[in-house]
Every structure is written in structure tokens, then in C-alpha cells.
1. Look through the range 174-185, keep the residues that are of a type in the set (A, V, I, L, M, F, W, C) and surrounded by fewer than 23 Cβ atoms within 10 Å (Cβ to Cβ), and return whichever of them is farthest from the ligand (Cβ to nearest atom).
2. Report, by residue number, each residue of the range 21-68 that is near the ligand (Cβ under 8 Å from one of its atoms), free of Cβ contacts under 8 Å to residues at least 60 places away in the same chain and of a type in the set (D, E, K, R).
3. Run N92 past the list (1) of a type outside the set (K, R); (2) over 28 Å from G179 (Cβ atoms); (3) in contact (Cβ under 8 Å) with a residue 24 or more places away in the chain; (4) within 10 Å of the ligand (Cβ to nearest atom) and report the number of the one that doesn't hold.
4. Find all pairs meeting these conditions: Cβ atoms under 9 angstrom apart; at least six residues apart or on different chains; first residue within the range 120-141 and in contact (Cβ under 8 Å) with a residue 12 or more places away in the chain; second residue among the aromatic types (F, W, Y) and in a helix (DSSP H, G or I).
5. Here are some residues: N143, N117. Which one is more than 25 Å from N235 (Cβ to Cβ), surrounded by 20 or more Cβ atoms within 10 Å (Cβ to Cβ) and in contact with a helix residue (DSSP H, G or I) (Cβ under 7 Å, 6 or more places away or on another chain)?
6. When P9 is evaluated against the numbered criteria (1) more than 16 Å from the ligand (Cβ to nearest atom); (2) open to solvent by less than 50 Å² (accessible area, probe 1.4 Å); (3) not acidic (D, E), which criterion, by number, is the only one it fails?
7. May I ask you to list the residues in the range 12-42 that are open to solvent by 10 Å² or more (accessible area, probe 1.4 Å) and more than 15 Å from the chain's Cα centre (by Cα)?
8. Taking the stated definitions as given, is Q239 away from the ligand (no atom under 12 Å from the Cβ) and surrounded by fewer than 16 Cβ atoms within 10 Å (Cβ to Cβ)?
Amino acid sequence: MSDELTPVPPATVALVSGASRGLGLAMVADLLERGVRVAAFARTVTPELVDLSARFPETSHVGSVDITDAAAGQAFVREVEAKLGVVDALVNNAAIGQDSLHVHTSADRIERIVETNLTAPLLLTRFWLRRLLGKGGRGRLVNVTSICGQRGYPGLVAYSATKGGLDAATRSLAREFSGRVLANAVAPGFFASEMSAVLGQNQLDAILRRTPSGRLTTPEEVVPVVRMLLLEDTNINGQTIVIDGAGSV
Ligand SMILES: NC(=O)c1ccc[n+]([C@@H]2O[C@H](COP(=O)([O-])OP(=O)(O)OC[C@H]3O[C@@H](n4cnc5c(N)ncnc54)[C@H](OP(=O)(O)O)[C@@H]3O)[C@@H](O)[C@H]2O)c1
């Protein structure tokens, strides 16, 4: 049987962007606790991330990297390879939010959102794939997108465009690699974090009314889905898995 016809093996070395807090930090903790070697970066290395890396000194590597600085991202990947081995899983989680109607959002802000949430992860993915495939490796990619990319939300026009764009890229990436890389996205509904703290009580109440369970998604409900996409034997490829309690607009 050719290599391509066997399942893509589970991740052994995962790189998670945007890991200083929120969902990124939760994913890093989960993967480390399951024995995966994990590299994690954000612009700020928070005390929580330092604590986590101190608990797993041999299997973790953390650093301060701005994802929009492609050279810094590439240098970090090389550091990770030297310490933990070839990165065979990438989780594109770093992103910035938006809280302004499109007509009130400056051109600079729109560019920054697109650069951070779409251009930078595409470039990091490209670099990672070249390193992995160049060494004959196979791997797993998870892009963290958002329900906003599918359903839209007022005040999140540029943000939604980046998340819908990343969903589309995920489908095409899955088709480019002949089964060498499983590429999927998870699209959470709103969950409590620094990013969503800009939502007012009226907006939260409206989201809750439209969600059958009457409660928001939690990061703890997203983490196991990402874990499954990274660690289980699966033929799920090119999909966006929505985790939003079946909310409606
Ligand atoms: N919260 C929600 O309601 C929600 C819903 C659906 C999807 N999501 C998605 O879930 C993911 C995690 O969001 P979250 O709610 O956990 O957000 P968060 O608490 O704001 O965390 C975002 C993370 O990204 C990092 N980051 C931002 N800009 C960066 C940059 N230029 N370079 C490197 N790292 C950067 C932040 O660290 P630094 O600021 O230190 O760099 C932080 O670690 C994002 O992709 C978000 O779009 C969130």
C-alpha cells in the first residue's frame, strides 16, 4: 500500500499561534497534558504560558513572536525544530477582533485585521508545509475560524472576511496535498475571552436567545474537537466544524 493511502499519523510536535491566553492557551495545555511536544507563541508571553512551559520543560517551547513578522515566525519554527523536532501539526489560532461598523473602520485597521488573521497564517502555513513536506513528513493543520465567517455579524465585517477566507483556504489546502496533510477548521460561536469582551450585554442576550442551549460555547468545548483533529486516526479533511450550539442569526 502506498504511504498516501495509510492514515496521516497523529501529531507529535504541534505549533500553536496566539497561545498567551484564551482558547490558544487552553489548547496548548491540553496537548502538553496528552504528551504532545508543543511550541507556542504570541506577542506577549504571559505568566500563564510561562507556568505551563515550566511544568513541561522538555516538551514545550514558548516565545514572543508577532505573527505579522514573517521572518520572526520562520526563525521560531527553526528554533522549535532544533528543540522539539519537525513540526507536524500547525494550529493557526492567533487573531485580532473588531468592534466597529464597516463604515467606521479605518483603512489601517482593516489592513491590520486582514494581515493578522489571514495573510500571516497563510504565510506561516506555507513555510511550515515547505519544511514538513521537504523532509518527507505528513501532518495536520487546524485553522481556528469563526461562525462569523459563515453567518456574519454586525461590527465584524473585516474579521468575518478573514475567517471566511481561512475556511475557503482550508478546503483548497486539503485538496492540494494528496492526503499528506489533513487540513480542517474549527469555527466556534462566541465564547468568553478578551476578544469577545467588547460585546455588550444586549448583544450577549441576543446571542443566547438564538442559541437552543441558551448558553455560550466555552473554550473547553472547542479543545476536544481540535484534539481529535490532531491526534485521532481520521479521514476528516477540508472541513469546517462549527461549535456554536446551533445558534441562529
Ligand atoms: N472569543 C470568541 O468569541 C471567538 C469566537 C469564534 C472564534 N474565535 C477565534 O478563536 C481564536 C482565539 O480567540 P480568543 O477569543 O481566545 O482571543 P484572545 O483571548 O484575544 O486571544 C488571541 C490570541 O492571539 C494572540 N495574537 C493576537 N495578535 C497576534 C499577533 N499579531 N501575533 C501573535 N499573536 C497574536 C494574542 O496574544 P498577544 O496579544 O499577546 O499577541 C492571544 O494569545 C481566534 O482565532 C478567534 O478569532 C473567537
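1. Initially, the range 174-185 is screened for residues of a type in the set (A, V, I, L, M, F, W, C), giving 174, 177, 181-183, 185.
Filter again for surrounded by fewer than 23 Cβ atoms within 10 Å (Cβ to Cβ), leaving 174, 177.
Values: A174: 19, F177: 23 Å.
Applying the filter and picking the extreme gives F177.
2. Hits for the range 21-68 are R43, D66.
3. (2)
4. G139/W128; L141/W128
5. Values: N143 fails: more than 25 Å from N235 (Cβ to Cβ).
Residue meeting the stated conditions: N117.
6. It is condition (2) that P9 fails.
7. T12, E33, R34, G35, R37
8. Values: away from the ligand (no atom under 12 Å from the Cβ): yes; surrounded by fewer than 16 Cβ atoms within 10 Å (Cβ to Cβ): no.
It is false that Q239 is away from the ligand (no atom under 12 Å from the Cβ) and surrounded by fewer than 16 Cβ atoms within 10 Å (Cβ to Cβ).
The values are calculated or read from the model by the stated rules, or taken from the named source; none is laboratory data. Not measured: the values here are computed from a predicted model. Please note: Cβ atoms are built from the backbone with ideal geometry, for glycine as well, and neighbour counts cover all protein chains shown. Just the protein is used for accessible areas: all its heavy atoms, side chains included, with ligands, DNA and RNA removed. Shrake-Rupley method; radii C 1.70, N 1.55, O 1.52, S 1.80 Å.
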